[in-house]
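The values are calculated or read from the model by the stated rules, or taken from the named source; none is laboratory data. Small disclaimer: the values here were computed from a predicted structure and weren't measured. Glycine gets a Cβ as well: all are built from the backbone with ideal geometry, and neighbour counts include every protein chain shown. Calculation scope for accessible area: heavy atoms of the full protein, side chains included, ligands and nucleic acids excluded. Shrake-Rupley method; radii C 1.70, N 1.55, O 1.52, S 1.80 Å.
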Amino acid sequence: MHASATLLSFSLGLSLFSALIPAHACKLAEETYSLNAFLAKKDPKQVVFLGKVTSVVSLPTPPSLLVAQNFESETTRWWRGTPRKRVSASGYVEEPSGSSCDGAFDFSVEAGAEWLIVGYVEDGRVHPMPMLSKRLTNGGVPNDVLHILDAQQ
């Protein structure tokens with residue numbers, strides 16, 4: 001009897017304690033991490049292109065950001081959006097806040113890097129989707145990604 005009472009009080013105490021801890025679960029929309037879901041939206045503001053970063057300008061950062069930058073890319077191939085030879089874009093890295101979403105929206109580049117950029121255009125500037133955009137390490141788009149992009153055309 002004593003053991004069951006102890007177990008019951010431990011369970012109740014644990015329930016009360018866990019109710020006091022705020023939940024910080026990160027619930028992302030599928031189009032933030034799934035290329036198929038992103039492309040299925042068919043939003044006129046979407047862009048998907050291959051480009052090489054030609055310049056990066058670091059911007060002053062407010063306390064909530066570690067990195068803020070504007071960058072220019074010279075494009076070589078487009079799958080979605082109005083093709084342009086040069087694109088202006090922005091990226092940032094947020095100060096960690098203790099949330100399970102920390103880092104989920106961070107995006108920064110270096111001059112000379114080649115990227116597959118997946119994102120949205122707002123006021124003429126591209127805002128890449130960090131989980132969908134990919135830095136190209138071998139000069140080519142990964143075959144699985146290329147297959148998805150070509151199937152959506």
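Look at A68 and say whether it is touching a residue at least 60 places away in the same chain (Cβ under 8 Å) and touching a strand residue (DSSP E or B) at 6+ places or on another chain (Cβ under 8 Å).
For A68, the condition - touching a residue at least 60 places away in the same chain (Cβ under 8 Å) and touching a strand residue (DSSP E or B) at 6+ places or on another chain (Cβ under 8 Å) - is not met.
Go through region 23-74 residue by residue and tally those that are in a strand (DSSP E or B) and open to solvent by less than 70 Å² (accessible area, probe 1.4 Å). Give the steps one after another, and end with the answer.
Just the residues of region 23-74 that are in a strand (DSSP E or B), to begin with: 46-58, 65-74.
Applying the additional criterion that residues be open to solvent by less than 70 Å² (accessible area, probe 1.4 Å) yields 46-51, 53-56, 65, 67-73.
Residues in region 23-74 being in a strand (DSSP E or B) and open to solvent by less than 70 Å² (accessible area, probe 1.4 Å): 18 in total.
Yes/no matrix, rows are residues, columns are (1) buried (at least 19 other Cβ atoms within 10 Å of the Cβ); (2) among the hydroxyl-bearing types (S, T, Y); (3) touching a residue at least 24 places away in the same chain (Cβ under 8 Å):
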| residue | (1), (2), (3) |
| --- | --- |
| R86 | no, no, yes |
| Y92 | yes, yes, yes |
| S99 | no, yes, yes |
| F105 | no, no, yes |
| G112 | no, no, yes |
| L116 | yes, no, yes |
| G140 | no, no, no |
| Q152 | no, no, yes |
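Go through region 80-153 and tell me which strands (runs of 3 or more DSSP E), entirely inside it, have 2 or more residues that are over 19 Å from L65 (Cβ atoms) and at pLDDT 95 or above. Working first, answer last.
On the way: elements: 86-94, 114-122, 125-128.
Ranges flagged: 86-94, 114-122.
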